[in-house]
Amino acid sequence: MRLFVTGASSFVGAHFCSLASREGMIVHGLWRRTSLNLRGVVAVRGDAASTRPSPGTEVVVHLATKVMAPDARDQNRRMLDAVLSWGLPVVYASSTVVHWERRNAYALSRIEDEDRVRASGLPYLIVRPCAPYGPRHAEHLPAHKESFHTLARMCRGWPAVPVLGDGNYRRQPVHVDDFNGAILRLVRAGAWNAAYDAGGPEPMTLRAIIRALGGRRVVPLPRPLLRVIGPLAGMSADVISTFDTDDVVDPKPLAVASGLQPRAFDPGALANV
């Protein structure tokens, strides 16, 4: 099977391309700013909004997304316009933010894109990862700093880890290989026209995640303080407003459909970051 992958130079994208190649698929990976040089993957330089898929492509895996950019919603819309215009079966990597009660601009963008994928008339698969994590790719370093990699380094090197509020809000981290592996199984099976959440087997509080990563102490930050220092770290007010939202999913439907059981949170997967 021949895949065309957008967002191939991202953390999830690079791992996806390598896994698909190892499993015998022909993979063409699209990159724009961060060059891509992965064993067994054909690198294609271009923008998802203006590049055509490689000849012979059978499935498009749309992993590219904009989160922090001021015009992120418009950029995401233009990328999806292009992807849907290609007329091919599409895997759309969404986000579990679509379930949040406090919906920021990013969540609304994801909801809109999911609706457009469903209404396209194309065979589709929507998979929403919850807090994807995993090891650094041996052959690629994404430009964007992965959140879990930053957190792991803080837990190992800082005497205390700052968190918004009490740190008792929950996440359900999914290992990047479990997320990508489930997608590949469903694509091979032709299990189209479905949407799934991808998470680990059990939710964990942020405090529990920090402890598992070796963090010695947590320092709660009040929201007003984060509003001041957050922009210095590239966080918008929109992102800060939903930081302490629970992000909990049911991983069972995806596990049943793909036959792949997600692993429990593995701190060792972050040992090399």
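Quick note: the coordinates plus some simple rules give every number you see, no bench work behind them. Computed from a prediction, not measured in an experiment: that's the story for all the values here. Heads up, the Cβs are rebuilt from the backbone with ideal geometry, glycines too, and the neighbour counts pull from every protein chain shown.
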Point to revise | Exclusive hit being under 30 Å from GLU58 (Cα atoms) and crowded, with 20+ Cβ neighbours inside 10 Å, set ASP177, ASP197 | key: ASP197
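Tell me the residue from ALA43, ALA107 that is under 27 Å from THR245 (Cα atoms), touching a Phe, Trp or Tyr at 6+ places or on another chain (Cβ under 7 Å), touching a residue at least 24 places away in the same chain (Cβ under 8 Å) and of a type outside the set (D, E, K, R), please.
That would be ALA107, the only listed residue that is under 27 Å from THR245 (Cα atoms), touching a Phe, Trp or Tyr at 6+ places or on another chain (Cβ under 7 Å), touching a residue at least 24 places away in the same chain (Cβ under 8 Å) and of a type outside the set (D, E, K, R).
Quick grid of which residues meet (1) touching an Asp or Glu at 6+ places or on another chain (Cβ under 7 Å); (2) not basic (Lys, Arg):
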| residue | (1), (2) |
| --- | --- |
| GLY40 | no, yes |
| ALA43 | no, yes |
| ASP47 | no, yes |
| GLY56 | no, yes |
| LEU63 | no, yes |
| LYS66 | no, no |
| ARG73 | no, no |
| ASN76 | yes, yes |
| MET79 | no, yes |
Study note, to complete from the structure: Screening SER9, SER21, SER54 for residues that are under 17 Å from the mean Cα position of the chain (by Cα) and outside any strand (DSSP E or B) leaves only SER9
Practice item. Return the pairs, sorted by first residue and then second, in which the second residue is surrounded by fewer than 19 Cβ atoms within 10 Å (Cβ to Cβ) and part of a helix (DSSP H, G or I), the first residue lies in segment 13-35 and is without any contact (Cβ under 8 Å) to a residue 40 or more places away in the chain and of a type in the set (A, V, I, L, M), the beta carbons are less than 9 Å apart, and the residues are 6+ apart or on different chains. Key: VAL27/SER21
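Taking helices (runs of 4 or more DSSP H) that do not extend beyond segment 125-241, which have at least 1 residues that are without any contact (Cβ under 8 Å) to a residue 12 or more places away in the chain and under 18 Å from the mean Cα position of the chain (by Cα)?
147-157
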